[in-house]
1. Give a quick list of GluC sites (Glu not before Pro) in segment 1-106 that DSSP marks as loop, anything other than H, G, I, E or B, with at most 12 other Cβ atoms within 10 Å.
2. Give me SER142, SER54, SER119 ranked fewest to most by other Cβ atoms within 10 Å of their Cβ, as a rough exposure proxy.
3. Work out the charge dipole of the chain with +1 on the Cβ of Lys and Arg and -1 on the Cβ of Asp and Glu about the Cα centre, then indicate which of PHE102, ILE42, LEU52 is farthest towards its positive end.
4. May I ask you to sort MET84, MET45 by Cβ crowding, counting other Cβ atoms within 10 Å and putting the fewest first?
5. Which value at 222 nm does the chain reach when only helices count, each DSSP H run of 4 or more adding -39,500 (n - 2.57), with the total divided by all residues and rounded to the nearest 500 deg cm²/dmol?
6. Quick one: putting +1 on the C-beta of Lys and Arg, -1 on the C-beta of Asp and Glu, what dipole do you get for the chain around its Cα centre, in Debye to the nearest 20?
7. Compute the angle between helix 116-142 and the longest alpha-carbon principal axis of the chain, please, reported from 0 to 90 degrees and rounded to the nearest 10.
8. Using the 4.7 Å Cβ rule, please list in number order the cysteines from the chain without any candidate partner.
Amino acid sequence: MNCPLCSEKPIGEFWRGRHFYAIDAGNDDFPAYIRIVARDHIAEMSMLSPALKSELRALLDAAEEEMLAALAPDKMNWAQFGNMVPHLHWHLIARWKDDGWFPECPWGPRQRPVAAELSRKRRNEALELLPQLAQRFSEVESRF
């Protein structure tokens with residue numbers, strides 16, 4: 001199997017738990033973008049046990065809460081597709097009304113240019129948040 005999410009240490013990984021791990025997928029266009037990934041190679045939410053669904057939901061909620069509090073985005077986008085990589089993972093993306101795509105989805109057409117210094121500022125803030133997110137994820141995991 002050649003699954004990029006099954007690698008031992010995916011690029012951007014900043015937290016690894018027993019059942020899930022988190023990747024920083026941020027870039028200049030989407031500076032605060034993380035993925036929460038199932039460690040087991042499964043394709044669908046329905047393949048998780050009820051306990052693992054609860055743990056995953058708690059991780060997603062924790063990510064949103066931390067990103068909202070630290071970064072003050074106008075909106076949080078959650079997405080779960082798996083069409084290109086059929087390995088269960090969720091995208092969580094902080095969105096601002098002045099980002100290059102808003103109000104479109106991140107995979108839609110660009111709406112406007114964004115000043116490089118604004119993107120850099122938001123990216124640095126998102127990078128500074130990663131250790132706090134990792135700590136919060138560990139706290140969530142400890143409850144399950």
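1. Hits after loop and neighbour filter: GLU8, GLU44.
2. Least to most surrounded, the residues fall as SER142, SER54, SER119.
3. ILE42
4. Ranking MET84, MET45 by Cβ neighbours within 10 Å, fewest first, gives MET84, MET45.
5. After summing the helix terms and dividing by residue count, I get -12000 deg cm²/dmol.
6. Numbers: 18 positive and 21 negative charges, 22 e Å.
Result for the chain is approximately 100 debye, rounded to the nearest 20.
7. Tilt relative to the chain: about 20 degrees.
8. CYS105
Every read-out reported here was derived from the displayed coordinates using simple, explicitly stated rules and does not represent laboratory data. None of these values were measured; they are calculated from a predicted model. All Cβ positions, glycine included, derive from the backbone under ideal geometry; neighbour counts span all protein chains shown.
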